[in-house]
Each structure stands twice: as C-alpha cells, then as structure tokens.
Amino acid sequence: MKFTISKTEIVKALSSTLGVVEKRQALPILSNILLSVDENNLSITATDLESEVKTNCMPSSVESTGSTTAPAKKLNELCRLLPDGSEVSIFLNGDKLSVESGSGKYSISTLPSEDFPVFDVVSENTEFTILGSVLRNLISKTSFAMGNQDWRHYLNGMFISVEDKNITVVTTDAHRLAISTNSTIKSVSGEVSGIIPRKSINEIGKLLSDSSEEVSLSLGTNTIMLKTDSTSFVSKLIEGKFPNYEQVLPSGESSVLKVNTKHLSEILSRVSVLSSDKFKGIKLNIASNSVVVSANNPEQEEGEESFKSDYSGDEMEIAFNVNYIQEVLSNIDSNDCNINLYGSDKSCLISPSDDPDLKYVVMPLLI
C-alpha cells in the first residue's frame, strides 16, 4: 500500500471520523481507523461497535493498493500539523505506516486490517431523501433536550418518525420536550420510526455542518444510515419505546404571553444571577400589562425586573428552571415567541410566532 495525497484532503477525511473512534480503548483496534486504498480512491473507516463512519477521498496518485489500520488520533494530529499545501506520501513498511512530507519522515504502528470489526447493516431499511440543511436544522433545534445518561435509556436519544413526506423529530429528558417537523424530498410508504443515540446525533450534526445538498437516510428496525456525497454513517438504534409525546403536549384553553425573544432572554440572564445555584429557579408574575421576573437564593439575595406584556388572561404566578427556558429561547430565531400558559402547576408550550412546526414544552417548578 502506497499513495500520495494532499494535506487538505487527508485532514478533512480524518477529521470526519474522529468522533466515532472509541476513546476508552476496550479493544485497541477501536482506537484505530481502517485505511483502504484502491486504484483511485482512499476510504477511511472508524467504528465504536455501536456506529460506523466511512468516508472517501481522492489520492493524488496510487502506487500500490492495500489496507491497514493506524491510530486515528496520532495520524490526524500528524497530518494536521504538516505545512499547508503539502503533499503527503503514506505507505506500509512492514508493520509500520510511514508518513513522509517534505523533509519529515514519521513511522506509526499498525494493526492488521483483517482484525478491524465489520459493522452489521440490516438490509430492510426504508430509504428517503431530505435536504441536508433541513435535517441539520431539525437536529440543531431539538437536540439540546435529549436525556444524558438517564436510566431510561430511550430518553438518551432523538426519536425520528417519517410518514409519507412528513418528518418529525422529538427529544425529551422528562423535564422539557422539543418537537420539530418538516418535509422530506422523497416520500415513504407507511410509517417508519426509531430512536437515534445521543452520540450518533452529534456525529450526524457534524457531517451535515456544511451540507445543503440532498442526503439519503435509511431507517430500519435497528439501524439508521446517512449518506452524503463522500461519507456514510450508520448507527444502531436505541431499543425501547419512546414516550407518547402527543400526550405530553399541553391541550385545552390557554392564556398566551407574547414576548420579544431576545429581550426576555436578556432579562432572565440578569435576574438568574441571584437565583439558587441548586434549583436555578426564576418566577414570572404575569398580569395583563406587565410581567415581573424575580429570583432569590439561600443567601437572601434577590433580583427583580419587569417588562410590559402582551397578554390576555388571568393573572398568574409560575416558576421555571431558568436554564430550560434559556435553552429554548436560544433556539428560536424569530423576534417574537408565544408562551402558552395552562396554569401555574402545568407545563407551558413555547413556539416561535412564525413557525408553528417548532414546539417546546417546559415543566414548571413547584412554588
């Protein structure tokens, strides 16, 4: 195996695999990437046994084909630190991978490519296409509400459901819920759904970071695969049943508080400085012409700020964890948002005023 490739190409390819590489090194080969070279293509594969990413790039020239595995972090760091614009020669020399560029010569240990684990992909997946920018937006607007190491493992991921040309993603950690819907390019027959693990959602988001082209998604009973022009990513799904999120969405009569998104966020930031470090609670006293935002802490410090309200409903006092509200506001792009209130002891529903397909539910704190 011997080929030459530009620094730009190899660094871009390597960087897309690093998030999947197993850092705990339960199996030494999981900290390696698989390099496979044929006549005109270099493919780089990484896996942690739960997910796999494979990316292709174009060598400048190939002298001989073959494959091996090498430590991902070391190879990436080395190539990243080479001078910009360099050409890199990479070849197998016995059981070492030689990397040469300019006057630099480096030798990295390898493990046999035959020992690299094969990721099982189930073939009966349902495939559809979607704009990369649409999928990226669905993920970015909802992923913050995923559970993190919750014992209810089905909360530690993103629920995705596709029916006809409608795609819905939902996340919840049982304290707040985020839901966003949009359209696919190609419809599916019936309905398919699954729960994508948190780590895999983060990797998909990275792969879509600069993609506005169509991408292909295929969803099955236990795997999901994303394909872009040069990269494929496949992940196992989380087993279990996601909660019935439609039952969690508040319903019935509500009072609507319309607020300027940025203005409210700035007020919450100031007042929450004096909230309890443990509970991060802030209180809203809502009346027909004003809202008073207040907080206090065990040191008997307190903060209070008011603003004029656009509200028609009964006066209400309701409290929230300020971090939950702030994360919602930071993901709303429109100038104004609507806070639907159903009572001081009931969850509220927050939506951008110009995007009813994006919804956030936040549970109140008991006061």
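The values are calculated or read from the model by the stated rules, or taken from the named source; none is laboratory data. Note that the structure is a prediction, hence the values are computed from the model and not measured. Positions of Cβ are backbone-derived with ideal geometry, glycine not excepted, and every protein chain shown enters the neighbour counts.
A few comments on the model shown:
- Breaking point among (1) closer than 27 Å to residue 153 by Cβ; (2) in a strand (DSSP E or B); (3) among the aliphatic types (A, V, I, L, M), for residue 204: (2)
- Test: residue in the range 130-153 that is of a type in the set (D, E, K, R), buried (at least 18 other Cβ atoms within 10 Å of the Cβ) and out of contact with any strand residue (DSSP E or B) (no Cβ under 9 Å at 6 or more places or on another chain): yes
- Contact annotation: no residue pair with Cβ atoms under 9 Å, 6 or more positions apart or on different chains, pairs a residue in the range 153-167 that is in contact (Cβ under 8 Å) with a residue 12 or more places away in the chain and charged (D, E, K, R) with a partner that is surrounded by fewer than 16 Cβ atoms within 10 Å (Cβ to Cβ) and not in a strand (DSSP E or B).
- Residue satisfying all of: in the range 261-281; touching a Gly at 6+ places or on another chain (Cβ under 9 Å) and among the hydrophobic types (A, V, I, L, M, F, W, C); surrounded by the most Cβ atoms within 10 Å (Cβ to Cβ) among these: 271
- Of all residues in the range 320-367 being aliphatic (A, V, I, L, M), surrounded by fewer than 19 Cβ atoms within 10 Å (Cβ to Cβ) and more than 18 Å from residue 171 (Cα to Cα), the one that is nearest to the chain's Cα centre (by Cα): 365
- If only residues of the range 229-240 that are buried (at least 19 other Cβ atoms within 10 Å of the Cβ) and not hydroxyl-bearing (Ser, Thr, Tyr) are counted, the one that is farthest from residue 20 (Cα to Cα) is 238.
- Options 105, 96; residue that is at pLDDT 95 or above, among the charged types (D, E, K, R) and in contact with a strand residue (DSSP E or B) (Cβ under 6 Å, 6 or more places away or on another chain): 96
- When residues in the range 21-42 are screened for being within 23 Å of residue 60 (Cα to Cα), surrounded by 18 or more Cβ atoms within 10 Å (Cβ to Cβ) and out of contact with any Phe, Trp or Tyr (no Cβ under 6 Å at 6 or more places or on another chain), 4 of them pass.
- Considering residues of the range 1-32 that are in a loop (DSSP other than H, G, I, E, B) and of a type in the set (Gly, Ala, Ser) only, the residue farthest from residue 46 (Cα to Cα): 26
- Evaluation of residue 184 against (1) more than 22 Å from residue 230 (Cα to Cα); (2) without any contact (Cβ under 8 Å) to a residue 60 or more places away in the chain (one fails), failing number: (1)
- Filter result for residue 18 (more than 23 Å from residue 231 (Cβ to Cβ), of a type in the set (A, V, I, L, M) and surrounded by 15 or more Cβ atoms within 10 Å (Cβ to Cβ)): no
- Residue 308 over 18 Å from residue 366 (Cα atoms), loosely packed, with under 15 Cβ neighbours inside 10 Å, outside the structural domain of residue 137 (by TED's automatic domain parsing) and not hydrophobic (A, V, I, L, M, F, W, C): yes
- Scanning the range 43-63 for residues that are charged (D, E, K, R), in contact with a Lys or Arg (Cβ under 7 Å, 6 or more places away or on another chain) and either in a strand (DSSP E or B) or buried (at least 21 other Cβ atoms within 10 Å of the Cβ) (or both) yields one hit, 63.
- Of everything listed in (1) at pLDDT 95 or above; (2) of a type in the set (Val, Ile, Thr); (3) under 22 Å from residue 208 (Cβ atoms); (4) in contact with an Asp or Glu (Cβ under 8 Å, 6 or more places away or on another chain), the single unmet condition for residue 20 is (1).
- Condition met for residue 212 (of a type outside the set (A, V, I, L, M, F, W, C), assigned by TED's automatic domain parsing to the domain that holds residue 142 and touching a Ser or Thr at 6+ places or on another chain (Cβ under 6 Å)): yes
- Once the range 107-135 is narrowed to residues that are closer than 20 Å to residue 222 by Cβ and of a type in the set (D, E, K, R), the residue that is nearest to the chain's Cα centre (by Cα) is 127.
- Enumeration of residues in the range 241-260 that are touching a helix residue (DSSP H, G or I) at 6+ places or on another chain (Cβ under 9 Å) and surrounded by fewer than 19 Cβ atoms within 10 Å (Cβ to Cβ): 241, 243
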